[in-house]
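Presented below is the structure to which this report refers.
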Amino acid sequence: MLTDLPLFAALKHKMRWHEARQTVLAQNVSNADTPGYEARDLSAPDFGSMLGAARARVTSAAYVQPARTNAMHMTGRLSAGGMTQEAIDTFETTPKGNTVVLEEEMMRLADNQMQHQMAVGLYQKGLGLLRMALGRGR
Amino acid sequence: MDFLNSIMVAAKGLRAQSGRMRVIAENIANADSTASTPGGDPYRRKVPTFRAVLDRATGAHNVELGPVARDPSAFSVRYEPGHPAADEAGYVKRPNVNSLIETVDMREAQRSYQANLNIISSTRQMLARTLDILRS
């Protein structure tokens, strides 16, 4: 019920995206010495359209529903979850074909963690707003 | 749950890196291990190999220590006529272990290990902050 509100739906999806990205980054670091392994990252999701779809009363913000302009058009789901892995451009490839740069992975890790914390903080503030509206104060 | 998957992937990485350290330690310890019979072969340097293994349950690529290979480079010889492993000309074959290379490999293994540890601690922090939502 809480995730019917667009703010919480979008934040929940953002948090899930960061969790999934943490797994991809862990994979990269863990395979930093495996020959032939290419570093991967999650493609950035388009949160603006997610919010728009949520406002149009889609049950799950994970799907982007195409708009039907004509009753004869078919409905459908464009993408499942919007989380696709892609190989990233890197500037350093070892002779064995491994493209993981540990420093870059650490930077991405720190960025991922900060963004996740920001989403968590916003979620908490949103809950606080609801509580205040209900009259329960802090 | 994705956070637990991240921790498991990093834990497999830790295990692989500590396996690598073990191989490096073997090499360093056996840097002077010659044969005991005349003309025999000394210790041959071991090389750890890694491979990425897809874990079907989580869909993540875990790292695994593959079969430990042997370095095929040639042995160096040293003139030591009194040695039990000396051949007719008095030369003893020495292991093909270069201590400098092993030291640098050790530093790299240490760095990879530290990076995997960072992943685990960062994931745990993210998980803790998420659970904090319940508290406020």
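The values are calculated or read from the model by the stated rules, or taken from the named source; none is laboratory data. Worth saying up front: this structure is predicted, and the values here are computed from it rather than measured. No Cβ is skipped: glycine too gets one built from the backbone with ideal geometry, and neighbour counts run over all protein chains shown. Note: accessible area is taken over every heavy atom of the protein model, side chains too, but ligands, DNA and RNA are not part of it. Shrake-Rupley method; radii C 1.70, N 1.55, O 1.52, S 1.80 Å.
Listed values, structure above:
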read-out: From A:Leu78, A:Leu122, residue being modelled with pLDDT under 90 and either part of a helix (DSSP H, G or I) or more than 9 Å from every other protein chain (Cβ to nearest Cβ) (or both); value: A:Leu78
read-out: Unmet requirement for A:Tyr63, which otherwise passes all of (1) modelled with pLDDT under 60; (2) within 9 Å of chain B (Cβ to nearest Cβ); value: (2)
read-out: Residue, nearest to A:Ala20 (Cα to Cα), within segment B:26-84, restricted to residues that are among the aromatic types (Phe, Trp, Tyr) and more than 14 Å from chain A (Cβ to nearest Cβ); value: B:Tyr43
read-out: Test result for B:Asn96, crowded, with 16+ Cβ neighbours inside 10 Å, under 27 Å from A:Ala87 (Cα atoms) and not aliphatic (A, V, I, L, M); value: no
read-out: Filter result for B:Ser121 (within 14 Å of chain A (Cβ to nearest Cβ), part of a helix (DSSP H, G or I) and crowded, with 16+ Cβ neighbours inside 10 Å); value: no
read-out: Residue selected from segment B:28-48 under the condition in contact with a Pro (Cβ under 7 Å, 6 or more places away or on another chain) and open to solvent by less than 50 Å² (accessible area, probe 1.4 Å), by the criterion farthest from A:Ser30 (Cα to Cα); value: B:Ala35
read-out: Condition met for B:Val77 (free of Cβ contacts under 8 Å to residues at least 60 places away in the same chain, assigned to a strand (DSSP E or B) and touching a Gly at 6+ places or on another chain (Cβ under 8 Å)); value: no
